[in-house]
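FYI, it's all coordinate maths here, none of it is from the lab. In this text, all values refer to a predicted model and were calculated from it rather than measured experimentally. Cβ placement follows ideal geometry from the backbone for every residue including glycine, while neighbour counts extend to all protein chains displayed.
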Amino acid sequence: MLKRIGVALAAIALLLPLSVMAQKAGRSTILLPPDQTVAVITLDFRGGYGPPRRDGRPMLTIFANGVVRIVDGSGEVAPIEAKMSADALQELLRFAIDEHHF
C-alpha cells in the first residue's frame, strides 16, 4: 500500500510539470541553490494514529539537482528515487511559486 502511494506521488511529481510545460513556454528561470543536494520541495505528514515512524525524513523530497525521493516512514519499504529534468523541475517550481504563491 505504502509503495503504491510512493509510486503515485513520484508519478505526480514527474508528470505534472510536463503538462504545465506544454502550456507555458518562455517564462523566467527560478534560481536554485548552488548546492545541488539541497531540498527545494518537501512534503511530509506528522502525527496521526498510525504506528511510530522509523524514518524521520519527509515522505517526498525534491532536490535542486532534480532527484525525487519517496520515503516510507515505517521503514518497511526502501526509499524510491527518480530523477526529473531541469525543465520539469523549473515548471514544478513555477507552478508552486508563481501560480499558487508558495
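Taking label points 7 Å from Cα along the Cα-to-Cβ direction, ILE97 and SER74 give a separation of 3.7 nm. Ordered by the count of other Cβ atoms within 10 Å of each Cβ, fewest first, LEU43, LEU32, LEU92, LEU60 give LEU43, LEU32, LEU60, LEU92. Derived value for segment 42-102: Kirkwood hydrodynamic radius 13.0 Å. Basis is the mean of 1/r over every pair of different alpha-carbon atoms.
Among PHE45, PHE95, a tally of other beta-carbon atoms within 10 Å of each Cβ gives an order, fewest to most, of PHE45, PHE95.
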